[in-house]
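Novice: What follows is a single structure, and I will ask about it in a moment.
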Amino acid sequence: MRPSRHAAPPDDVLALNTAGPRCVPESLSEAVLPDERPAVVLFLKAGCGCSEDFARMFTALEPEFAARASCLAVIEAAESDAGPFLAATGLTTPRLVQADGSLAAAWGVTKAGCMALVRPDGTVEAVWPGLSRQGCRDVAGRLGDPQLLSAESLALLPGAATAGCPLHSASLTSPPGASP
């Protein structure tokens with residue numbers, strides 16, 4: 001079965017980044033920001049073929065991002081579904097499993113593959129509507145090193161912002177103008 005990856009509509013980046021200030025909830029602060037560095041957060045969904053691809057890509061990128069930031073995969077899944085997802089993907093990135101999609105909903109994220117950069121103070125600096133080479137280059141630049149990611153790692157990523165399956169948060173809340 002072919003994963004259901006889709007180009008992220010250009011309007012999504014604007015909708016995700018004009019929603020007002022977003023912060024890490026106090027209850028998740030330690031998970032999202034385990035040290036005094038920024039965090040790169042990727043939203044995934046168990047049972048989604050595209051998320052399996054995204055998880056593999058993020059596992060390849062994480063060692064390079066780790067030079068400047070911590071990384072976290074937020075997986076929308078019931079606890080019973082998280083294990084099979086991790087086994088299928090080999091995801092080694094630190095992760096947070098949430099059945100309710102509450103962090104995604106709080107940040108206006110409605111699709112798997114969305115990525116966020118969080119400042120050390122817990123403020124969300126930017127959200128990308130899908131995984132892409134340019135989005136990851138932008139993250140690297142915002143982390144202060146535009147050359148942080150190798151050409152080999154970037155070659156694993158889609159050229160255009162690519163998102164996956166809708167998250168549970170899509171039914172909870174959507175930023176104005178965003179496509180679920």
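The values are calculated or read from the model by the stated rules, or taken from the named source; none is laboratory data. Treat the numbers as computed from the prediction; the structure is a model and nothing was measured. Cβ coordinates were reconstructed from backbone atoms using ideal geometry, including for glycine residues, and neighbour counts include every protein chain displayed.
Novice: Take Asp53 and decide whether it is touching a residue at least 40 places away in the same chain (Cβ under 8 Å), surrounded by fewer than 23 Cβ atoms within 10 Å (Cβ to Cβ) and under 17 Å from Gly164 (Cα atoms).
Specialist: The answer is yes for Asp53.
Novice: A further question follows. Among the helices (runs of 4 or more DSSP H) contained in the stretch 1-89, which hold 2 or more residues that are among the hydroxyl-bearing types (Ser, Thr, Tyr) and at pLDDT below 95?
Specialist: Of the helices (runs of 4 or more DSSP H) lying wholly inside the stretch 1-89, none has at least 2 residues that are among the hydroxyl-bearing types (Ser, Thr, Tyr) and at pLDDT below 95.
Novice: Right, something else. Which of (1) surrounded by 16 or more Cβ atoms within 10 Å (Cβ to Cβ); (2) of a type in the set (A, V, I, L, M, F, W, C); (3) under 18 Å from Glu62 (Cβ atoms) does Ala151 not meet, given it meets every other one?
Specialist: (1) is the only condition that Ala151 fails.
Novice: Something else now. Which of the residues spanning the stretch 52-74 are under 15 Å from Gln98 (Cα atoms) and out of contact with any Ser or Thr (no Cβ under 8 Å at 6 or more places or on another chain)?
Specialist: Within the stretch 52-74, Val74 is the sole residue that qualifies.
Novice: Looking at Leu72, Leu117, which one is within 13 Å of Leu44 (Cβ to Cβ), aliphatic (A, V, I, L, M) and buried (at least 16 other Cβ atoms within 10 Å of the Cβ)?
Specialist: After applying the criteria, what remains is Leu72.
Novice: Another question about this same structure. Regarding Asp100, is this residue of a type in the set (Asp, Glu), loosely packed, with under 15 Cβ neighbours inside 10 Å and out of contact with any helix residue (DSSP H, G or I) (no Cβ under 8 Å at 6 or more places or on another chain)?
Specialist: Judged against the criteria, Asp100 is a match.
Novice: Check Ala78 against each of (1) over 21 Å from Leu149 (Cα atoms); (2) touching a strand residue (DSSP E or B) at 6+ places or on another chain (Cβ under 8 Å) and name the one condition it does not meet.
Specialist: (2)
Novice: Shifting gears a bit: Which of the numbered conditions does Pro146 fail, given that it passes all the others? Conditions: (1) surrounded by 15 or more Cβ atoms within 10 Å (Cβ to Cβ); (2) assigned to a loop (DSSP other than H, G, I, E, B); (3) touching a helix residue (DSSP H, G or I) at 6+ places or on another chain (Cβ under 6 Å).
Specialist: For Pro146, the exception is condition (1).
Novice: Identify the single condition in (1) closer than 20 Å to Glu30 by Cβ; (2) crowded, with 24+ Cβ neighbours inside 10 Å; (3) out of contact with any Phe, Trp or Tyr (no Cβ under 9 Å at 6 or more places or on another chain) that Arg95 does not satisfy, given that it satisfies every other one.
Specialist: Failing condition for Arg95: (2).
Novice: Anything in the stretch 112-124 that is in a loop (DSSP other than H, G, I, E, B) and aliphatic (A, V, I, L, M)? List them, or say none.
Specialist: Within the stretch 112-124, Ala112 is the sole residue that qualifies.
Novice: Return the only residue of Val109, Val127, Val97 being in a strand (DSSP E or B), within 14 Å of the chain's Cα centre (by Cα) and at pLDDT below 95.
Specialist: Sole residue among the options that is in a strand (DSSP E or B), within 14 Å of the chain's Cα centre (by Cα) and at pLDDT below 95: Val127.
Novice: Taking the stretch 84-114 as the region of interest, how many residues are touching a Cys at 6+ places or on another chain (Cβ under 9 Å), among the small types (Gly, Ala, Ser) and without any contact (Cβ under 8 Å) to a residue 60 or more places away in the chain?
Specialist: Counting residues in the stretch 84-114 that are touching a Cys at 6+ places or on another chain (Cβ under 9 Å), among the small types (Gly, Ala, Ser) and without any contact (Cβ under 8 Å) to a residue 60 or more places away in the chain gives 0.
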